[in-house]
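See below for the structure under consideration.
Please treat every number below as a calculation from the coordinates, not as lab data. It should be emphasised that the depicted structure is a prediction, and the values quoted were computed from it without experimental measurement. Positions of Cβ are generated from backbone atoms using ideal geometry, with glycine treated the same way; all protein chains shown enter the neighbour counts.
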Amino acid sequence: GENVEQHPSTLSVQEGDSAVIKCTYSDSASNYFPWYKQELGKRPQLIIDIRSNVGEKKDQRIAVTLNKTAKHFSLHITETQPEDSAVYFCAAPIDSWGKFQFGAGTQVVVTP
Amino acid sequence: DTGVSQDPRHKITKRGQNVTFRCDPISEHNRLYWYRQTLGQGPEFLTYFQNEAQLEKSRLLSDRFSAERPKGSFSTLEIQRTEQGDSAMYLCASSSDRGHQETQYFGPGTRLLVL
């Protein structure tokens with residue numbers, strides 16, 4: 001079955017530095033890979049996603065890269081700000097009906 | 001608010017009691033998902049629906065758990081004879097099978113504490 005590994009589990013960065021989170025998966029039933037941000041006590045919110053017909057996608061300070069051959073995808077946050085502090089989850093599709101397996105999450109702490 | 005809503009937001013119950021949670025998806029979404037999330041973990045799939053049809057139920061889900069979506073709109077998740085290990089955040093998400101069908105939008109969750 002699908003196995004999603006996410007690293008690191010915690011990430012502490014200085015404000016203004018970059019943060020990179022990586023996920024690997026064992027298999028994929030579709031071509032869609034989302035990233036969610038979850039602040040303490042709040043719902044997971046989609047921040048960016050990528051479909052496998054592209055290798056990279058950017059949205060302001062956030063970017064995602066996908067390597068389907070190697071079966072890994074990464075989230076890049078540049079010029080980090082304190083409000084970027086949260087838990088970030090990657091997800092990989094298990095079937096074509098929208099069933100996902102989520103990574104265990106990365107706690108990102110941005111220190112001023 | 002036209003997003004996914006869940007009710008109640010918090011539930012405290014005693015071991016052995018039954019609880020029921022409700023999820024109202026985004027109105028035009030025909031797919032609905034239930035997840036469970038414990039501290040320090042990602043959402044764990046429980047079950048999902050396409051309209052009123054339940055497509056799959058996780059093997060991790062015991063027979064004490066049941067979910068329904070009778071009219072293809074809102075859904076309920078019932079836990080019978082609750083155990084302390086059921087304490088978790090129960091998240092609901094919805095998506096559409098049109099356009100960017102894979103994008104799931106989450107509700108605020110119901111936090112369950114079993115004493």
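Things to note:
- Selected from A:Y36, B:L61, A:C23, residue furthest toward positive end of dipole (the protein assembly as shown; charges at beta carbon): B:L61
- Prolate/oblate/rounded label for segment A:31-112 (Cα gyration tensor, a/c 1.5): oblate
- Proximal lysines to A:K22, defined as alpha-carbon separation beneath 21 angstrom and excluding residues fewer than eight positions away on the same chain: A:K37, A:K57, A:K58, A:K68, A:K71, A:K99
- Backbone N under 12 Å from the A:Q14 label point (7 Å along Cα→Cβ), restricted to segment A:70-112: A:111-112
- Counting 0.36 nm for each residue step from B:T38 to B:E68 and taking away their Cα separation leaves a gain of 8.5 nm.
- Here r is the Cβ-Cβ distance between B:E83 and A:H7 and R0 is 41 Å; the resulting FRET efficiency, rounded to 0.05, is 0.80.
- Student exercise, the protein assembly as shown dipole from Lys, Arg, Asp, Glu Cβ charges, in Debye to nearest 20: 500 debye
- Footprinting exposure proxy for B:L39, A:L75 (fewest neighbouring C-beta atoms within 10 Å first): B:L39, A:L75
- Net charge of neighbours whose Cβ lies under 13 Å from the Cβ of A:D17, counting Lys and Arg as +1 and Asp and Glu as -1: -2
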